[in-house]
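So the structure is just underneath, and the comments pick up after that.
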Amino acid sequence: MAKQPYTKPKRTKRGFAQTGQFLTSEIRKAGEARGFAETRVLTHWAEIVGDEVAGKTRPVKVSFGRGAFGATLTVLTTGAEAPMLQMQEPQLRARINAVYGYAAIQKIRFTQTAPTGFAEGQADFNHAPKPKRRRPAPQHVEAAEALSCGVTDPGLKAALDRLGAHVMEKADRSS
């Protein structure tokens, strides 16, 4: 059987594509192999359980029992935090199930590890902080307000002012 010749994939859009578009299927496959059919629990863990709990924990696996409705979420934490998190289990389960939209997680199992972690010698549960937004320069704010002076809706005017100021700021930084 002859090999098929290489054909360049046809692009449907012009310009740049977001990196996330190329990685979505690979992330989904890796997540589903660990039981995460809904990857939002992995990617938005800090938003779901809160920054304080996310700093102490990491979701590891979702396992489904035979014939039982609901799954068990395995969460990695340090030994000292596990009893405190066990007391918060009903609240955490409710938050996680709110993401799924139904009672997908029936039980949360907390797996304890040493404070220094496994083979690498460290268990870093801290998530990257959200970047702080920089304020645009006052001259850009004034110029943006001058451009949107004809807009009567106050909410739309405020949004246009912010957008215009940030666009002008970015244009100045790139030039």
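The numbers here are math on the coordinates, done by the rules we state, and not lab data. Here the structure is a predicted model, which is why all the values come from computation and not from measurement. Cβ coordinates were reconstructed from backbone atoms using ideal geometry, including for glycine residues, and neighbour counts include every protein chain displayed.
Quick notes
- With θ taken as phi - 60° and the Karplus curve 6.51 cos²θ - 1.76 cosθ + 1.60 applied, the whole-hertz 3J(HN,Hα) list for the stretch 42-59 is 6, 6, 10, 4, 5, 6, 6, 9, x, 5, 5, 6, 5, x, 10, 9, 8, x Hz, x standing for glycine and proline.
- For HIS44, HIS166, order by how many other beta-carbon atoms lie within 10 Å, fewest first: HIS44, HIS166
- Amide proton proximity set for THR111, modelled H, under 5 Å, gap of 5+: VAL75, LEU76, THR77
- Each of MET84, MET168 has some number of other Cβ atoms within 10 Å of its Cβ, and from fewest to most they run MET84, MET168.
- Residues GLU145, GLU169, sorted so that the one with the fewest Cβ neighbours within 10 Å comes first: GLU145, GLU169
- Backbone phi angles across the stretch 155-162, fed through the Karplus curve with coefficients 6.51, -1.76 and 1.60 (θ = phi - 60°), yield HN-Hα couplings of x, 5, 4, 5, 5, 5, 4, 5 Hz in residue order; Gly and Pro are listed as x.
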